[in-house]
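Below you'll find the structure, written out as structure tokens, and then a few comments.
Where a number appears in this text, it was derived from the coordinates with a stated rule and is not lab data. Not measured: the values here are computed from a predicted model. All Cβ positions, glycine included, derive from the backbone under ideal geometry; neighbour counts span all protein chains shown.
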Amino acid sequence: MSNQPRHFINLEDIPAAELRGILNQARVMKTQKMAPAQIFNGLSLAMIFDKPSTRTRVSFEVGFKQHGGHTVVLSKNEMQLGHSETIKDTAMVLSGMVDAIMIRISKHEDVEELAKYATIPVINALTNASHPCQIMADIMTIEEKKGPIKDMKIAWLGDYNNVAKTFAQAAGIFGFDLTMAMPQQLHPTGQLPARVSLTADAHAGVAGADVVVTDTWASMGQEGKSLDMFWPYQVNAALMAKAKPDAIFMHCLPAHRNEEVTDEVIDSAQSVVYPEAHNRLHVQKGIMAWCLKNAGVTPKM
């Protein structure tokens with residue numbers, strides 16, 4: 001048994017075969033709801049939040065408990081992290097008390113520093129820079145609804161946020177084409193990841209897409225942000241009509257209805273936002289099983 005913890009922080013740091021294995025495991029665990037293997041029995045998960053959460057909190061807590069584990073939930077007001085105690089000290093203390101740490105925090109650097117000093121797995125449940133758990137759930141959902149994601153065309157509309165950046169990382173890893181349609185002033189500079197292209201034309205970006213994805217234009221903590229530049233990127237019926245007839249619509253939620261997406265689209269037969277949210281539960285279980293493999297967890301296939 002290795003003493004080296006398996007962290008889940010950046011998709012690009014994990015081999016593609018390992019990510020594919022996590023998705024395969026998630027599918028197996030999804031079938032075990034009524035009689036889940038107790039692979040986390042006797043293990044504890046610390047769940048750290050510095051911002052509110054619905055899907056992340058429920059999916060990790062229910063997922064860990066379904067398989068026999070125990071959770072400890074800590075908000076920024078209930079612990080010393082980043083206040084009177086250093087991240088290093090928090091990492092060292094928790095490493096001797098629990099078996100894994102899930103953290104949802106603004107600064108990506110804080111997650112990486114926590115992982116640097118922790119001797120147990122650290123899972124990035126969201127930062128301002130990335131959201132790898134969400135993208136894994138999205139890929140699981142796409143493949144459930146449309147088959148293998150390889151060579152599909154996915155269209156992203158709106159802001160260049162943490163979800164968009166992680167989708168861009170995933171394109172080369174999983175072999176799909178990602179077209180990102182967003183205001184010109186938000187286009188990232190420098191070399192794009194493999195299989196990613198940019199446009200300022202929403203209709204061109206969606207043309208022929210298998211999957212259309214958007215997210216809120218003002219992320220948590222950006223309240224009051226001007227939305228004027230984003231209106232051409234609203235996903236409405238006219239825009240969806242540019243995609244393939246059997247295209248699906250995705251949104252990680254929560255949605256600001258009739259801003260980034262209209263009711264007509266999010267409530268349509270093409271929308272898979274609720275299965276997408278539900279798959280967060282199963283992907284989190286697969287991620288935790290992968291992270292805790294070195295702790296003696298043996299998932300039953």
Nearest-20 debye value, segment 228-301 charge dipole, Cβ charges on Lys, Arg, Asp, Glu: 660
Find how much the distance from TRP231 to LYS150 grows on full extension, using 0.36 nm per residue of separation minus their present alpha carbon separation; answer in nm with one decimal. 26.1 nm
Gap separating the Cα centres of segment 52-122 and segment 137-167, nearest whole Å: 27
Which residue, THR216, THR31, THR179, tops the fluctuation ranking in a GNM of the chain built on C-alpha contacts under 10 Å? THR31
As straight-line cross-link partners of LYS150, the qualifying lysines (C-alpha separation under 22 Å, not fewer than 8 residues apart within one chain) are LYS165, LYS242, LYS244
Phi-based couplings in Hz for segment 144-150 (Karplus 6.51, -1.76, 1.60; Gly and Pro marked x): 5, 8, 9, x, x, 6, 3
Please report THR119, THR262 as a ranked list, fewest other C-beta atoms within 10 angstrom at the top and most at the bottom. THR119, THR262
Pairing the Cα long axis of helix 55-66 with the longest principal axis of the chain, what angle in degrees results, from 0 to 90 and rounded to the nearest 10? 40
Hey, can you rank 280-293, 44-57 by average C-beta count inside 10 Å, highest first? 280-293, 44-57
Just how large is the dipole of the chain about the Cα centre, in debye to the nearest 20, putting +1 at every Lys and Arg Cβ and -1 at every Asp and Glu Cβ? 940
Quickly estimate the mean residue ellipticity at 222 nm for the chain, helices only: each DSSP H run with n ≥ 4 gives -39500 (n - 2.57), and the total goes over all residues, rounded to 500. -10500 deg cm²/dmol
Want the number for THR86 to THR54: 0.36 nm per residue separation, take away the alpha-carbon distance, what's left? 8.8 nm
Taking the alpha-carbon centre of each part, the distance from segment 1-46 to segment 227-301 in Å is 21
Quick one: order ASP89, ASP210, ASP99, ASP177 by neighbouring beta-carbon count within 10 Å, fewest to most. ASP89, ASP177, ASP210, ASP99
